[in-house]
Structure formats: C-alpha cells, structure tokens
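Below: the structure, in structure tokens.
The values are calculated or read from the model by the stated rules, or taken from the named source; none is laboratory data. On a predicted model such as this, the values are computed, not experimentally measured, just so you know. Cβ: placed from backbone, ideal geometry, glycine included. Neighbour counts: every protein chain shown.
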Ligand code: ZN
Ligand code: ZN
Ligand code: FE
C-alpha cells in the first residue's frame, strides 16, 4: 500500500525535506518527498502500520523548529508497478506558479554558531547558515527558491560547500544561501579612506568605536541598523540627533537572556518569543534603566536578542549589557538597503558604516510584538514573519488589497492563502510610497500573481486608495471599497477562522465612516461581507482636522467645550487662553472641524488634560504615555458613562475626572480609572449586544488595542463573562492589519 501524505504550513525552504529523508531512512521507509502546492508531498511505503504511526508522530513532533505544520492529511493508493527501492528527495517542483511558500528570514541557529568554531572553512564566518536558518525572503528574487534566483547568485559555491549542498544527510543539503570563508559574502567598510575587508579587523574596529561611545551603522538581513552602546547616555543622545528623533523609544539588543533578566521582567511566553528563530523585538516591562535617552519616560523597553553572528561577535568583545539597534533611516524614510542609500542617508554622520556584499532584495524592518496575558500580539509584522501566508478559509485567489495609509501593508490572495507584505510605513512619505509600489511589483512577480479584484479603503484620499484607483483605471479590474473598521474586524475574524457573525468592537484612531464622519469607536455586528453599526462613541469635533490627531490639547479643549465643562486653570495656563478661545470659535462655526467617534482621540484628550502630552512628537505618543502613566497596583473603579443607548458618551466620565483632578488625585490614579472605564464599557456593551443579537463571539480590533493594559484587563473581564473574546495576534490590530481584512471582505462579497 502506498501512503500519500500532504503537509501544509511553513514547510518549504526550512529543511523539512532533508528532515523527512533522515527519519524515513532511519525507519526503513521507502518512497519520496518533494515540494508541492503550498506544502510538501510524501509518497511512502511502510514496513508496518506501527512504523507508519511512529513515522507520522516523529514528523509532527521532531520537525525543524522554524517549520510549522498547519495541516497533515493522508490517503492511500495502490502501490505503483515500479516499487520504491529507497527513500529519495525529489527536486524542487517546477510549477512555480503554484508555490506560495517562501520562508521568512530566520536567526542563525545554535548548530551553525557551533560550526563556526569547528569547521575549518567556516571558522568565524559571519554569514554562516544552514537549511534551518539564515536569510530567505530578504534574498529571494524569483521562484522556485534556489540559489540562482536569489541574491546569492554571484557567489559561486566552492567545492566543499557544493558537496555539502548536494549531500542529503548534510545539515546544508539544498541550503540555498550556503557559504563559507572561501566562497561567500563578506563585510567591508571604508575607514579613514582605507577599504577594510578583513572581518577580524572590522570587528575590532567596530567594537572599539562602540566602546568609545560612537554610533555606527551596519548592514543586516533586511536593511541597515544604527548601533551604539545602550548604557552610554552620550552615545544614545548622538544617535537621537542623527535620527532626528525626539523621544520615540529605541529598541535594544541584549547580550543574552540572563543579562536581560536584570533589566526587564520576562515571562515564559515573552522568553519564548525572544528566543524564537523569528527574533522579534518584544516590548517588556523595564526593571532597571539603561541610558535614560534610550526610552525617555517609558516603563517599557523594546528588546531583542542577537540573531546574526556579528551580533554575538560584538558582545564577545564588549562589556555592555545591551546595544541600541534601531533601523538605519532618518526621520521616517524607509531603512537603507545598499551602500549608496546608506551613504546618502547617514554616511557622513556615523563613525563607521559596515557594509556587506550580499544584496538585499526585499527590505524588512525588525518585527515588534508584546504579550497580553499569554498571547503574543504582533504590532509590526516584518522580518521573521513575512511572507508566511495565512490561511484564509476561503478562496481569495487574485485579490489585491491595498491596505490603509499609515503603518501600511498590502496583501495578495493566492489560492486560499493571504500573503501579507512586510511592514511598509506611512505612505504620505514619498520614499515610503515608492517602497510600497516597488514591493507590490516584487510580490506580484514572485508569486506569479494575477490580480482579478482590487480592494481598498473607503477613504478616497488615502494614497493606497488612489493607487488602487489608478490600477483599476489602467487595467479595468473591479475595485471594491471597504469601510476601515469593518476591515479591522474582518482581519481578526480571518485570523481565528470565524465565519459566522460576530460582535466587533473596534477602538481606533481614524477611519472614514459611511456617513462621511470619521469613525473609530465602533460597536459592530458583522460577518465577512457586511456589517451593522450597533453603537458608537459620541461624535466630537476635531478642530483642525488631522492636526487634532497630532495635538492632543485640541481634543481636550474640544471635549470640555462641547460638553460645557470648565477648563482646568492649569490646562489653560499651559495652552494659552487665546488658542483655546480660537479653537472653540472654530468648533462653534464648524470651520475645518470634522466629527469623529474615534476612541484614540479620547485617549489623546485625557492625556493632555493630565498634562502628559499636549503636542505629540510621533504617532500615538499620547495614548502610549497615558497607558504608561497608569498605576500598576491597586483596584480602580470605572468612571460614570452614559452608555445605555447606541451613542456612548464620556461626558460623565470627564466630569468625574475633573473632580479627581480638583481633589489632587495623581495622573497614575486617573489614568488607571480611565482604563478601567474603557474596559468596563467594552465588556458591558459586548454583553448588551450579545443579548440583543444572540451572537456570542466578540472580536477586538483597532489601534487602541495596542494598549497592553487595556487588553489584559479585558482578557480578565471576559474570562468570567461567558462570552468568547478574540484578540488579534498574528495580524496586527493596527492599520497594518487592514489589508488582510479588506481581502477577506472582498472574498466574502
Ligand atoms: Zn543554521
Ligand atoms: Zn564555500
Ligand atoms: Fe485603523
């Protein structure tokens, strides 16, 4: 009897075939294994049923760490006439059209780190990799995935690498980026007008500069990083000048888990995320500060662990517990990719730029997540995650989703899989927009994607919507416009495979509603094709339009003015009476004052009232500061709300807050109560709406749920509520998740 086993998931380009080969050989199984449509196909003849069962168990339990199995199906066929005499690996499937599986970039594995000290041709080699680790997405140009179609093409394998590459039992069998000191990429730098290529010299030089408090730049997997000593205040300040970044926290790379433990609290899930081969930045609760300029005023710290050999090499030569590692760009430009780009953006301003000779085909930023309860929640999905497809649970083939405008990603539908692009950024930036269109072209080519249906946001002025319109006009393809918060909700639905209607609570920044107002505090009942707006936060005037999102004091004044509440003296003193009067006049005359129900603006208003942030220097600064301000311990009662009807008003809450302020209550107390108010509103409203509609599943989405305090509080409240709560995990709750939501709605229609 011939058994046909079909495995789907992240199983291509991660050493799965050699793994199956080894297990089969060990167990006396005959047959073959090869790549197949979005997965792997094993055809096998087993000596006994017992062996078959053990074989399958081993496949599921012992597979390479970086791989993940979504499904495994088996069926049987009569044995073919030409029986198998051994177990073999069949070569890559030629029909690249079918392949959606390109592996993400993975951190160097422990075996490779050990090979660096034992293998003669790889002693100290900084670009060592194997079938389980190393670059993938960042170097791939075309499919099928083999060396000729990656940026490793110019590097001809030396005989030794070639032998390893061709030997099925070698750890580097078919490792496309295989390389060694004789044949692979190298680091180089220009220093004092001398070109250095010796890795040891470069390492010594870089380490000396870092020790002396200099800022250097280095080319990594998906782009350049700035690096400096995270314990050296002066160095970090210099980096702030170079990046022209006022207060936005920098991510740091710690030497190892033990060192990190002294500086931040790490639970089991966080430790697992940090150590995973995807090596994201994990936001942690800080215990002990590094240099204050790393994360001014923050209780959290963005942390990652070394993931390239050079990172380990630095720490071996330095005493510092951590290095700042932040994307190599100025302001909000896309990170630099190559020597020319790096020199142009910051060549003159850093002490040293370390380049290397492996080209980056696809740019990726470091991914970012935090853990709520025991749930890892991605905030930025890029290196280590992209382009792993997500199962859509529906046909999405040919759908191209353009996403939103800020923290943009786009998505392509291939069969029944959603392929999300890497994190792109804010499209209003011209260079970022070019990155957006360029990445779209690359993905289209790479996946042999033929768009048949376009889908974008309802907002006509988003640059992503305009690009969609342009393409629709040029190609004649149908274009669907999807309401922003419905897309947020749908993204969470697809992640959890929810197909029946849900109650969706979307607390967000801004998104155009179908009544022409700006939504963002929405209680919806929706499925994958349509939605009903059951309730929303009260509309408030956003005096100055977009400016109000950058200047939280405007929302504070607008709330007080609209609700006829007194302006606290301290607030008036800070802002100035004249500006407030002017703003109130704008509101009364409805000049440049759209209406918004966005929860994000409420967070802004409270942050400003409490004196935490009147004008933000970067996106979402005010809500983050408000969250940071909230007291960690104690019980906090929610403020009063007017929440029974379909319009929820925070007026009573604001009245209470003013009272607390008058009583001299500290910001940490008021912020904690405000968070409790939001949480209780959401649970209470969810309960009311589930009773009203008979729908028992509740999904959360929208940028406000990047607030860990709020989400954790909700997880606890929902755990005892009898309602099922779904929190975005793999698809970010912010606008990075919009494209995936748009796609599933387009499929649903
Ligand atoms: Zn490895
Ligand atoms: Zn070699
Ligand atoms: Fe949004």
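General remarks:
- For residue 373: the one exception among (1) touching a helix residue (DSSP H, G or I) at 6+ places or on another chain (Cβ under 7 Å); (2) on the phi > 0 side of the Ramachandran plot; (3) surrounded by 21 or more Cβ atoms within 10 Å (Cβ to Cβ): (3)
- The helices (runs of 4 or more DSSP H) located wholly in the range 181-291 that include 1 or more residues which are farther than 23 Å from residue 116 by Cα and within 25 Å of the chain's Cα centre (by Cα) occupy 233-243, 257-263, 268-275.
- Test: residue in the range 510-518 that is surrounded by 24 or more Cβ atoms within 10 Å (Cβ to Cβ), under 14 Å from residue 698 (Cα atoms) and touching a helix residue (DSSP H, G or I) at 6+ places or on another chain (Cβ under 9 Å): no
- Residue match in the range 570-593 (condition: in contact (Cβ under 8 Å) with a residue 60 or more places away in the chain and in contact with a helix residue (DSSP H, G or I) (Cβ under 6 Å, 6 or more places away or on another chain)): no
- Flag not set for residue 554, criterion: free of Cβ contacts under 8 Å to residues at least 60 places away in the same chain and surrounded by fewer than 19 Cβ atoms within 10 Å (Cβ to Cβ).
- Residue match in the range 196-206 (condition: within 16 Å of ligand 2 (Cβ to nearest atom), surrounded by fewer than 23 Cβ atoms within 10 Å (Cβ to Cβ) and touching a residue at least 60 places away in the same chain (Cβ under 8 Å)): yes
- Residues considered: 561, 484, 517. Of these, the only one that is at pLDDT 95 or above, more than 25 Å from residue 452 (Cα to Cα) and within 16 Å of ligand 3 (Cβ to nearest atom) is 517.
- Scanning the range 462-488 for residues that are under 26 Å from residue 430 (Cβ atoms) and assigned to a strand (DSSP E or B) gives 479, 481, 482.
- For the range 143-152, a residue qualifies if it is at pLDDT 90 or above and more than 16 Å from ligand 2 (Cβ to nearest atom), and the qualifying residues are 148, 149, 151.
- In the range 11-66, the residues that are more than 21 Å from residue 83 (Cα to Cα), assigned to a helix (DSSP H, G or I) and in contact with a helix residue (DSSP H, G or I) (Cβ under 8 Å, 6 or more places away or on another chain): 19, 54, 58, 59, 62
- Helices (runs of 4 or more DSSP H) completely within the range 570-637 that count 2 or more residues being modelled with pLDDT of 95 or more and more than 26 Å from the chain's Cα centre (by Cα): 577-589, 599-609
- Residue that is nearest to ligand 1 (Cβ to nearest atom) [pool: residues in the range 714-739 that are surrounded by 24 or more Cβ atoms within 10 Å (Cβ to Cβ) and within 22 Å of residue 695 (Cβ to Cβ)]: 731
- Residue in the range 130-142 that is within 30 Å of residue 444 (Cβ to Cβ), within 16 Å of ligand 2 (Cβ to nearest atom) and surrounded by fewer than 24 Cβ atoms within 10 Å (Cβ to Cβ) present: no
- Test: residue in the range 101-118 that is away from ligand 1 (no atom under 15 Å from the Cβ), within 34 Å of the chain's Cα centre (by Cα) and either free of Cβ contacts under 8 Å to residues at least 12 places away in the same chain or closer than 22 Å to residue 14 by Cα (or both): yes
- Test set (1) within 16 Å of ligand 1 (Cβ to nearest atom); (2) closer than 29 Å to residue 256 by Cβ; (3) touching a residue at least 60 places away in the same chain (Cβ under 8 Å) - residue 187 fails condition number: (1)
- Residue match in the range 92-110 (condition: within 16 Å of ligand 2 (Cβ to nearest atom), under 27 Å from residue 202 (Cα atoms) and touching a helix residue (DSSP H, G or I) at 6+ places or on another chain (Cβ under 9 Å)): no
- Meets criteria (touching a helix residue (DSSP H, G or I) at 6+ places or on another chain (Cβ under 8 Å), under 19 Å from residue 626 (Cα atoms) and at pLDDT below 95) for residue 543: no
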